[in-house]
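Note sheet for the following structure.
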Amino acid sequence: GEDVEQSLFLSVREGDSSVINCTYTDSSSTYLYWYKQEPGAGLQLLTYIFSNMDMKQDQRLTVLLNKKDKHLSLRIADTQTGDSAIYFCAESSYGGATNKLIFGTGTLLAVQP
Amino acid sequence: DAGITQSPRHKVTETGTPVTLRCHQTENHRYMYWYRQDPGHGLRLIHYSYGVKDTDKGEVSDGYSVSRSKTEDFLLTLESATSSQTSVYFCAILGTGTGANVLTFGAGSRLTVL
């Protein structure tokens, strides 16, 4: 079945760039997503990328997709303490009636002042 | 949270008791989902619904049932709660912003089974 893998923890210093990585197994993935979860809250969509794109930039966020290696990354420039959260990678594919997203285990980003 | 309300937000119950969690949406979306979140496992899909009275199982459906008698409500029931069902439960609705399948999540329901 489909699987999405992430490293569990990343620590960076304030002002540095953060890079969170994700690998997935479903070659038919159509969209790939990054969600952010702050403590005690639900997940919020950060950004997503269509599978025919290599890169997407949105302010401090840059998403890179290597479809050949099934590797997705999220780069946060000038990381701030407010970026401390759990970041989830997810993938979905069209086809069938499910329209479901498969999530990774989440990466806890700790930003040190 | 974008028209999604989960209740209760917190519940403590005892092993063997039935529990029902409610998800209510105000946006008339067709697809609704129940996920559970556990450390080291991320979010795992329990059940989902693709319309009134239309539901299907996710990857961790054992011990759970769902019902959707009207578009706006999706109920998750634990018929006889076990300690392994202690978790945070998230409801989500599916939108199609700019063509992508985008899930919007509720704030979560934290369930503790003693």
What does the C-alpha gyration tensor say about the overall shape of chain B? Classify as rounded when a/c is under 1.5, otherwise prolate if a/b is larger than b/c, or oblate. prolate
Chain A - percent relative contact order, Cα under 8 Å, separation 6 or more: 38 percent
I want the local charge near B:Lys70. Using Cβ-Cβ distances under 13 Å, sum +1 for each Lys or Arg and -1 for each Asp or Glu among the other residues. +1
Per-residue mean of other chain beta-carbon atoms within 10 angstrom of the beta-carbon, peptide A:16-29? 0
Taking every DSSP beta bridge with both residues inside the protein assembly as shown, roughly what % is antiparallel (nearest 5)? 90 percent
Compute from the Cα atoms of the protein assembly as shown the Rg and the Dmax, the latter being the longest Cα-Cα distance, and quote both in angstrom. 17.6, 51
Counting other chain Cβ atoms within 10 Å of each Cβ in A:31-38 and taking the mean gives 2
Going through the stretch A:1-35, which GluC sites (Glu not before Pro) have at most 14 other Cβ atoms within 10 Å and a DSSP loop state? A:Glu14
Highest-fluctuation residue, A:Leu65, A:Leu43, A:Leu32 considered, GNM on chain A with Cα pairs under 10 Å: A:Leu43
What is the calculated FRET efficiency for A:Gln80 to B:Ala107, with r their C-beta to C-beta distance and R₀ = 30 Å, to the nearest 0.05? 0.80
Surrounding net charge for A:Asp78, when Lys and Arg each add one and Asp and Glu each subtract one, Cβ distance under 10 Å: -2
According to a simple spin-label model (label point 7 Å from Cα along Cα-to-Cβ), what is the distance in nm between B:Asn28 and A:Val19? 4.7 nm
Cβ charges +1 (Lys, Arg) and -1 (Asp, Glu), total dipole of the protein assembly as shown, debye: 280 debye
If you build the convex hull over the alpha carbons only and average its shadow over all orientations, what do you get for chain A? Give it in nm² to one decimal. 7.0 nm²
Distance check, please: which entries in A:Lys68/A:Lys100; A:Lys68/B:Lys53; A:Lys67/B:Lys11 exceed 32 angstrom between their Cα atoms? A:Lys68/B:Lys53; A:Lys67/B:Lys11
Two-site FRET efficiency, B:Thr82 against B:Arg9, from Cβ-Cβ distance with R₀ of 30 Å, rounded to 0.05: 0.90
Based only on Cα atoms, what mean projected area does the convex hull of the stretch B:68-114 have, in nm²? 4.4 nm²
Where the only charges are on Cβ atoms (+1 Lys, Arg; -1 Asp, Glu), what is the dipole of chain B about its Cα centre, to the nearest 20 debye? 120 debye
Between A:Asp69 and A:Phe9, what length comes free when the chain is fully extended (0.36 nm per residue of separation minus the Cα-Cα distance, one decimal in nm)? 19.4 nm
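A short reminder: the numbers here are calculations on the coordinates, not readings from a lab. Everything numeric here is computed off the predicted structure, so don't read it as measured data. In this analysis, Cβ positions are derived from the backbone assuming ideal geometry, glycine residues included, and neighbour counts consider all displayed protein chains.
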